[in-house]
Amino acid sequence: MTPESTVGTTTTAARWERMAALFEGALAVPAAERDAYLREHCPDPKVAAEVRLLLASPAEAAGPIERLMAALGSPAERAWRAPAPYLRFVPQPR
Amino acid sequence: MTAHPDSASVPGQSHGDGEVTALLRRAHVNRRESLDALVPIVYDTLRRIARQQLAGERRGHTLTATALAHEAYMRLIGLTRIEWRDRAHFFAAAAGAMRRVLIDYASARNAHKRGGGANPVELDLDGIVADDHLEDLLAVHQALALLETVHASAARVVECRVFAGMTIEEAAVALDLSPATVKRHWELARVWLGMHLKAER
């Protein structure tokens, strides 16, 4: 089953919230430890499998978001480095 | 002076001691309520600026979404010194307002292109988003609306990044989150949006 078939409807909103939390939790640990993280935090193997699928899906380099960002003058490449002039003082990460 | 001191009609005039800065200060106490109140003000300002620029300039000159947001900042706050955090909050509201301005335009433009007696768009933003990108814009907006229902913070991150050109660090300040959290939200949102946008094709 692909994630497409289970996402986006109100009935699966709670499931998605859970997957989102697991996805972000897994992202916060080193890549090598993500499997162990999911085993520990997600008892449902089906949900864990879907989260693994999400973690393994590289976001397209030139998908609609990137095209839109480029079109709107918000290029993704720049955005990771130089802060926009209106926010020159970047505080230290908390 | 008009009844709405923040509806800047004089270019370059600062309204820093007006409603906008008051809302930004109040955002320290009640973030959502204050910024929600700010969005329509910025929305009106963005439209006004776009209209003036389009009236005064040749077609083909570059009018970008981020430049428009900066211009709105200058109109509504100008050179008044405000806290950097307030500044970031302003641009978070500007991102939401910009999204609305562009979606209004894209919807009207699409309706007009399809015919059916619809009037030409009232505010022509072709310089900001050409017809080639209307579909991307509407698709991202719809997928984002869906994301909002399951992960509102991630949707805000996308809004700030896409519609106000913020970096991860800037979005972190604007949304009162840590940069690490913003980055994870962003990664999640990209995967989510990628999936939903692909599913639509």
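The values are calculated or read from the model by the stated rules, or taken from the named source; none is laboratory data. From a predicted model like this one, the values you see are computed outputs, not experimental measurements. Here the Cβ is made from the backbone with ideal geometry for all residues, glycine too, and neighbour counts use every protein chain on show.
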Checklist line | Which listed residue is farther than 29 Å from residue A:22 by Cβ and away from chain A (no Cβ under 11 Å), from B:108, B:94 | finding: B:108
Next item on the list: Enumerate the helices (runs of 4 or more DSSP H) found wholly within region A:10-94, keeping only those where 2 or more residues are at pLDDT below 90.
Entry: A:13-27, A:45-56, A:64-71, A:76-79
